[in-house]
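Notes follow the structure.
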Amino acid sequence: MAQTLVALILALCLAAPAAAAQVKADAKKSAGPAWSELKPAQKQVLAPLASEWEKMDATRRKKWVEIADRYPKMKPQEQQRLQKRMVDWAKLTPAERAAARDKYQALKKLPPEKRNEVTAQWQRYQRSLAQQPDFSPSDPPAPPDPQTAESATAVATPEPFGTKPPGTATAATPAPPAQ
């Protein structure tokens with residue numbers, strides 16, 4: 001009985017490293033394509049993500065490869081938008097990316113009517129920004145003019161995802177008094 005137990009323990013000890021090596025090999029296979037394995041056309045499309053590629057998990061790599069494969073079929077305007085968004089994404093810190101993913105997941109969980117409401121609010125906000133001269137929606141918001149802050153009525157422009165540009169007033173937070 002004792003000899004059988006020792007033989008079993010010995011067999012397990014010898015088999016464990018082989019099983020661990022197999023798990024590591026499987027993990028490398030499932031990590032998605034390495035940057036060097038991408039086609040030249042895919043590398044060109046995904047160039048903004050090159051520095052982050054090895055840090056991505058398999059799921060994200062596969063999604064980006066699928067997007068790169070669809071890229072030639074996109075309209076030029078969609079291609080430009082995708083390139084800009086990839087550059088912007090690559091500039092985010094890991095914490096900012098995680099926060100963006102969390103906000104996206106929270107938005108997906110909203111009922112359709114709430115999601116439509118948030119989308120409409122965001123579109124109204126974007127239109128109001130577009131009406132400002134010499135302003136791009138990607139520009140940081142300007143602080144309020146102290147001379148007009150007192151006389152301006154605070155208009156609530158709800159921001160999606162619970163954020164608002166710094167220096168803006170809402171009905172809940174009035175503008176600071178002019179000095």
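Quick check on my link table: of K43/K75; K62/K114; K63/K114; K39/K108, which ones sit more than 29 Å apart, alpha carbon to alpha carbon?
Beyond 29 Å between Cα atoms: K62/K114; K39/K108.
What accessible area per residue comes out for the range 37-138, rounded to a whole number of Å², with a 1.4 Å probe?
For the range 37-138, the per-residue accessible area is 74 Å².
Can you send over the carbon and sulfur percentage of the accessible area for the range 61-118, probe radius 1.4 Å, protein chains only?
Percent of accessible area from carbon and sulfur atoms in the range 61-118: 56.
Whose amide H sits under 5 Å from the amide H of L38, counting only residues 5 or more places off or on another chain, with H placed in the peptide plane?
Those lying under 5 Å, H to H, from L38: there are none.
The values are calculated or read from the model by the stated rules, or taken from the named source; none is laboratory data. Here the structure is a predicted model, which is why all the values come from computation and not from measurement. Side chains are part of the model used for accessible areas, which takes the heavy atoms of the whole protein and leaves out ligands, DNA and RNA. Shrake-Rupley method; radii C 1.70, N 1.55, O 1.52, S 1.80 Å.
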